[in-house]
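Remarks on the structure that follows.
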Amino acid sequence: MTRLRRKALVALFLFTLFIFGAMMGLRTLKPSDGFSDLAPGMDFIGERSERRRPDVNDVVVSPGQFHMGSSDTKVVFTKSDRDYSIFYDVHIFYYLWYGSPGMDNKYIHWDHVLVPHWDPKIAASHAQGRHTPPEDIASSFYPELGPYSSRDPKVLESHMSQIEEAAAGVLVLSWYPPGVADDHGEPTEDLVPAVMDAAHRHSIKVAFHIQPYKGRTDQSMHDNIKYIIDKYGKHGAFYRFRSSTGQVLPLFYVYDSYLTPPESWAEMLTAKGSHSIRGTPYDGVFVALIVEERHKHDIQASGFDGIYTYFASNGFSFGSSHQNWKAVKAFCDANNLLFIPSVGPGYVDTAVRPWNNHNTRNRVNGRYYETSLQAALSVRPEIVTITSFNQWHEGTQIEKAVPKKTVTRLYLDYQPNQPDHYLELTRQWAENFNKEKDKWLM
């Protein structure tokens, strides 16, 4: 009798344990195990081909990283003839400074000068002059589109298709104020509407990468932000980011932010500043560049909302060194800052800086890129930036490139892979990134 009672108790215990385990298993199933990881209002209906495309006026934002509790969507099914997703937590740096005779009456940037080293002795041992397109361009790779013009509508359309193919949801546009350009280019602000229209046709959003133009100050930046929001803020492609407080604000990357002292930035970026944008219609999420370790403290004192690393050359700077990202992320988490690591497929700028070979990072058929992407994902960022779509001078582009050999040049290429190799790698990792983020939230 005692033995039967003991067996009954064991059976009852095992049955109770089974029921408990089944209930806990059901509790761990979250909504995103289905298709709720889509943009708001994009519910799964039937087969893949029956999913609703986002309306042209749908607002798409990325969630704030300041806390990891939110599970807002980052995925949208595109409006083109393709049937896959893009991700608004994958941002890609984009350059608009190229010109060609057919559109601009001359080559712009493809004929970039060979920048001399600051030490005359070193400069004397390297080539000087400038490039002579179309056979000799200021890049170690050769674009599939040739030395194109950023003003060419067909080029813009091709670029948006490629960015969509790469699954990057936010194009980060290198921006100068009206009438202003970099030292080797021409003003391009008049092209921004065309970029935004083209991006919008592919469900891509546009953020702004404010460049360090001559005379940039906290006051001129205030004017720039006002100009951008007034002119583009209502455009369907204008990117906004949802912060931890639930605010949906424009996001701006500020290149070489360290050139302006923290006390000057604080006049604009802190609530008590003399011309603060905080709490005004021109408030935003402002992300500063970290190069040296000390910059993280300056960024915090300045009133910035986040940190990005930009450079695609691992080891080039403190900020671009993968081994430092864990510490920078910890600093950001402790100070309520967004950390946005930047990854790239490689780096080679010797076509414009012939003396800088020591900073070259070979692509190794994509392995360098994948190592960088893995390093970024290991610190669990909310956003990852890609350096770059088309910075051809520094060889960081993922845009399609083709083999080319001339009398005087043998260009690097992506072989044995296809011209779209880095677009495909980016898509694979973007999809993996979002799967990993689902796990982080569990």
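The values are calculated or read from the model by the stated rules, or taken from the named source; none is laboratory data. As the structure is a computational prediction, the values presented were derived from the model and not from experiment. FYI the Cβ positions are ideal-geometry reconstructions off the backbone, even for glycines, and counts take in every protein chain you see. Side chains are part of the model used for accessible areas, which takes the heavy atoms of the whole protein and leaves out ligands, DNA and RNA. Shrake-Rupley method; radii C 1.70, N 1.55, O 1.52, S 1.80 Å.
Normalised by the number of residues in the range 87-441, the mean separation of alpha-carbon contacts (under 8 Å, six or more apart) gives a relative contact order of 20 percent.
Net charge in the neighbourhood of Val291 (other residues with Cβ under 12 Å of its Cβ; Lys, Arg +1, Asp, Glu -1) is -2.
Within the accessible surface of the range 87-441, defined with a 1.4 Å probe on protein heavy atoms only, the carbon and sulfur portion equals 51 percent.
With 27 Å as the limit, the listed pairs Lys214/Lys329; Lys272/Lys296; Lys154/Lys214; Lys231/Lys400 have Lys214/Lys329; Lys154/Lys214; Lys231/Lys400 beyond it between alpha carbons.
Per residue, the accessible area of the range 302-371 comes to 35 Å² when a 1.4 Å probe rolls over the protein heavy atoms. For the range 137-257, the residue among His235, Asn224, His159 whose Cα projects farthest onto the positive side of the dipole built from Cβ charges is His235.
Approximating the spin labels as points 7 Å out from Cα along Cα→Cβ, the Tyr227-to-Ala123 distance works out to 3.2 nm.
Within the range 228-305, none of the chymotrypsin sites (Phe, Trp or Tyr not before Pro) combine a DSSP coil assignment with at most 13 other C-beta atoms in a 10 angstrom radius. On a per residue basis, the range 103-158 carries 53 Å² of accessible surface, using protein heavy atoms and a 1.4 Å probe.
If only the Cβ of Lys and Arg carry +1 and only the Cβ of Asp and Glu carry -1, the dipole of the range 87-441 around its Cα centre is close to 480 debye.
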